[in-house]
Every structure is written in C-alpha cells, then in structure tokens.
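Okay, so here's the structure we're looking at.
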Amino acid sequence: MNKIFTIALLAATALAYTSCSPSEEDDIFDKSAAERLNEASDLYSSRLLAAPNGWVMQLYPTNEDSWPYGNGYILLCKFNKDHSVKVTMNNVFTGGKEMEDTSLWEVLTDNGPVLSFNSHNDCMHTFSDPNDIYFTGTSDISNDESGEGVGGDYEFIIVDAPEDGSYMMLKGKKRGTYNMLTPLEEGTEATDYLNLLSIFRMLHFSVNAPNFNVLNVRDKRFKMKMQYPNTDTYNTSYVGKMAEMGIPNIYPFDGDEIINQDFNPFLITKRGDNFYLRFRDKIAIEDDLTAQEFIFDSERNVFQSVEDEGTFIEGDNPGRFLRETFIDDSLEHYNWRIETNVGSESIRNLFETAANEFSARKMTLGNFTFLRRDNRYTLNVGYRTSRNAQANLYFYYNVEQTENGMRFIYDGFASTEGNVLAQMPALKQIIEEVIPQSFDASSFLSPFNLLQIRLTAASDPETRLILNLSKNTK
C-alpha cells in the first residue's frame, strides 16, 4: 500500500510539471534550450576570438609517464571569425622544423561547451590520429602504434574561460588531460616565440646535462632529475631533436630514484617578459594547497611557485657536482675541458702565450682536458706536431674538497713532460701555478645546467677558469 501511494504521488507530481502552461515555463527559462545552447557557443567562440594574436596551448596528449605519450607540446592556435584556425608547432613530431596547418574549428554544445578541431589539422591531429609514430623503434625493431598513435584528443571541454581572457582551461574529451591556453602577446611572431622557448629550455634543461635540480616544498626537498628517451629504443637520427622532450623524475632528496620515482612532465611558456614552468600534474603541499606553475626569477636564479612562497626549484650545488665527477670516478664517463678563450683576461692571455710557444716550434696547441688515466686525475694537454700528428702531454693532480669547490694539488707528470715545461714558461705556469690551488665553483650559464662551471681562485677573484663537461666516447 505504501509503495503504491508513493508511486502514485510521484506520478501526480510529474504530471503537474508536464502540464505547466507556456507562460509558466517562461517564468523558469526566458529562452529555449536551443537558444541557450547557441548563446553558450557564441560566448565561448567570442572568447577564443578575443585574443588578437591567438593562443599558446600547452597540450598533453595523455596522462602517461612514458615518452612521447605523456610529454607536453606547445601549439600556437590562431582562431578566426570564418571558423578557420591556424596551428603552428615545432617539436620531435615535425622533425625539429616548424610546421603549420589551417583547418576548421567550432564550439559544440555537448553537455557543456566543447572546442572541436572538426576538420583535419596536420598539427593538432598528429596527437590523435591512429598512425604509427615514425621515430619510435630502431632500424632493427620498429614499434607499431598504427592502431592508436599517440592517443590524444582533438575535442576539448572548455572547463574555464574567464571574461578577462587571461587564460582558458581545456579538458581532453577522451583522455581527460588538462590543457591550458594563454594569449600569445601581440606583435610576437610564431617562429620567434617557439625559438625563444627552445633556447630557454635547452639552456636550463639540456639533454646533455647529467646534474639534478632541487624542488623545495616548504621544508621538504626533492631531487628533480631529467629523464630522456633511451636512444637504444628510438631512431637515433632524432636524438638531437629531443632536447625539449625530457620528463623529470621527482623523488625525495635522500631517496632512491628507482624505488621512489615519480614522473611529472612540464612545459615552458613566455608571457610578457617572464618565463613560466608549469607541471602537468599538481604538486601537493599541505591540506588543499598545491603548486603547479612557477615563474622564473632571474635575480635569484630559481623557478618560484606562483601559488606558494615556500615552494621553488633551484639548481644543484656546482661545487658538490664538480667534486662528484672527480671523487666518485665519474671522470671515467665524462671529461672536463678548460675553455682557454673564455675565462678571465689574465688567464686568456696566458693560454694565448702558451699557444704561441707551441707555434714557435711549428706545433699547434689543442685542448686542456681533465680525464681519468691510469686511475689518476690527469690533465691531458693535446697538441699537433710539426708533421700534423696528434700528441699528448699528461700531468697528474690530486683533489681535495673545499667548502665551495675543490683544490687541485700538482702531482707530477707521466714521462718526458718535464723537458717540455722547461722550454715553455707559460705552459709551466699554467700547470704548476694556475691550476694547483683552491677554486670556488659556480654555474657559468645556468644553475640548472652544469655542463659549464666557473672556477674562481679563492686567493684571487681575477683568476677564473671555465670548465666544459663532455661525455667520454671512448
């Protein structure tokens, strides 16, 4: 009885709503559903058109942690009133060359506004077409992704589009990744913008730099080590175009990078005079507070969180890194070359004088390189003889840790190098006086990229050497 009564009551209630007169319906909604959907489409279309120079799209095809599916990609999108859209990009999928294509776009109303690139666009649909990814695999074994491709979206739910046009947030309709749009500054050419981003990222996050960086989250510290594709599983002809494709592994500072691995891709963008680093995934700080976007502070040389003052990214300690390459026997894998034409003026002049000493004997002075030889720290001085044959001089050093860097202690030579030093006073001064002293280490180009380190003599700030790290190919 009670069940019958309940059903009857619900039926009566439903009948009351469906029997409302047109005037009563107008009291609830001033416009029909179709009109409201059309207005929503027009509203979000107008906001896409409101950026006169288009938008910078931070596209993440998937939420995966593997390359190239989980990486982010910068696409420049210029939406036009005739519902055409020009998309421009330059990445590994374009072979490291700029590519653009024009197609159609529309804001659909499908349970909310949806931006659809609804005709084929060679840039946008690169990430959604089920094509094989041509640079994966090797010449012997190829990967077949022809059934899925990268697996990204070409339709995006418009999650947030503030009236001030400062940004738009899109969510992949299929994959659910969040993709941010910010206006491309007026007067900025697409080519110039993409080149600036590439230069900035390669400067600070070089594919060749083996050092880690440090993510500070209040009183917690994490190592942030860039992971790049294994060249054994990808076409090596594209390795040089992967400089922007690393995914950082972020793990506790004293933790194991394998056991505690946590991958979080990021992208670099530029707005006005500032560069921004934005992670794909939010970083938890405490309670409901997270960090995701960081602004580069050029005075402090850090990426500062825009959400939390106590969260920032800094570079590794140059002195620690330099000592590790020596003391931990990393010189078996890397060499440090002295840049003879970059240091302080007095040092450059001294190296030039040494080069002239070789020239006077019809020989050509080459590189000064620290390496590991006969299980000893060795400075290899390369030169070419009067017959253009390659020859080397070997000088040995011991090393000691100092507070901010390292001390070199001269420990003799390999064979007949003493005869050479007796005839070349400038070279002798370099070997026996300039190098064997205490140096403070600092980054030369960027604290996030320690491929080059500046050594400043603790006793004389005017004595400066620049070391360049390279991988040992032997």
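The values are calculated or read from the model by the stated rules, or taken from the named source; none is laboratory data. Nothing here was measured: the structure is a model prediction, and the numbers come from that model. No Cβ is skipped: glycine too gets one built from the backbone with ideal geometry, and neighbour counts run over all protein chains shown. Ligands, DNA and RNA are stripped out before the accessible areas are found, and what is left, the full protein with its side chains, is counted by its heavy atoms. Shrake-Rupley method; radii C 1.70, N 1.55, O 1.52, S 1.80 Å.
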Self-check item: Unmet criterion (only one of (1) open to solvent by 10 Å² or more (accessible area, probe 1.4 Å); (2) under 23 Å from T191 (Cα atoms)) for D65
Solution: (2)
Exercise. Within segment 430-445, identify whether any single residue is free of Cβ contacts under 8 Å to residues at least 12 places away in the same chain, under 30 Å from D297 (Cα atoms) and among the acidic types (D, E), and answer yes or no.
Key: no
Exercise. Answer yes if at least one residue in segment 311-318 is closer than 19 Å to R454 by Cα, open to solvent by 20 Å² or more (accessible area, probe 1.4 Å) and in contact (Cβ under 8 Å) with a residue 24 or more places away in the chain, and no otherwise.
Key: yes
Self-check item: Given (1) β-branched (V, I, T); (2) surrounded by fewer than 20 Cβ atoms within 10 Å (Cβ to Cβ); (3) within 40 Å of the chain's Cα centre (by Cα), number of the condition I430 does not satisfy
Solution: (2)
Quiz item: Taking segment 261-277 on its own, how many of its residues are open to solvent by 10 Å² or more (accessible area, probe 1.4 Å) and hydroxyl-bearing (S, T, Y)?
Solution: 1
Exercise. Being farther than 17 Å from I250 by Cα and of a type in the set (D, E, K, R) is the filter; apply it to segment 278-299 and report the residue that is most open to solvent (accessible area, probe 1.4 Å).
Key: E299
Quiz item: Which one of Y334, Y394 is among the hydroxyl-bearing types (S, T, Y) and farther than 30 Å from L277 by Cα?
Solution: Y394
Practice problem: Being among the aromatic types (F, W, Y) and modelled with pLDDT of 95 or more is the filter here, so list the residues in segment 255-275 that pass it. | Solution: F266, F275
Quiz item: For residues in segment 77-100 being open to solvent by less than 10 Å² (accessible area, probe 1.4 Å) and of a type in the set (A, V, I, L, M, F, W, C), which is modelled with the lowest pLDDT?
Solution: V92
Quiz prompt | Condition met for T378 (over 20 Å from S470 (Cα atoms) and hydroxyl-bearing (S, T, Y)) | solution = no
Self-check item: From T364, T385, residue being open to solvent by 30 Å² or more (accessible area, probe 1.4 Å) and over 42 Å from the mean Cα position of the chain (by Cα)
Solution: T385
Exercise. Kindly provide the set of residues from segment 330-361 that are closer than 17 Å to I466 by Cβ, β-branched (V, I, T) and over 29 Å from the mean Cα position of the chain (by Cα), ordered by number.
Key: T340, I347
Quiz item: Restricting attention to segment 253-305, which residues are of a type in the set (F, W, Y) and either under 20 Å from P447 (Cβ atoms) or without any contact (Cβ under 8 Å) to a residue 24 or more places away in the chain (or both)?
Solution: F253, F266, F275, Y276, F279, F294, F296, F303
Practice problem: Out of the residues in segment 192-218 that are open to solvent by 60 Å² or more (accessible area, probe 1.4 Å) and not aliphatic (A, V, I, L, M), state the one that is farthest from the chain's Cα centre (by Cα). | Solution: R218
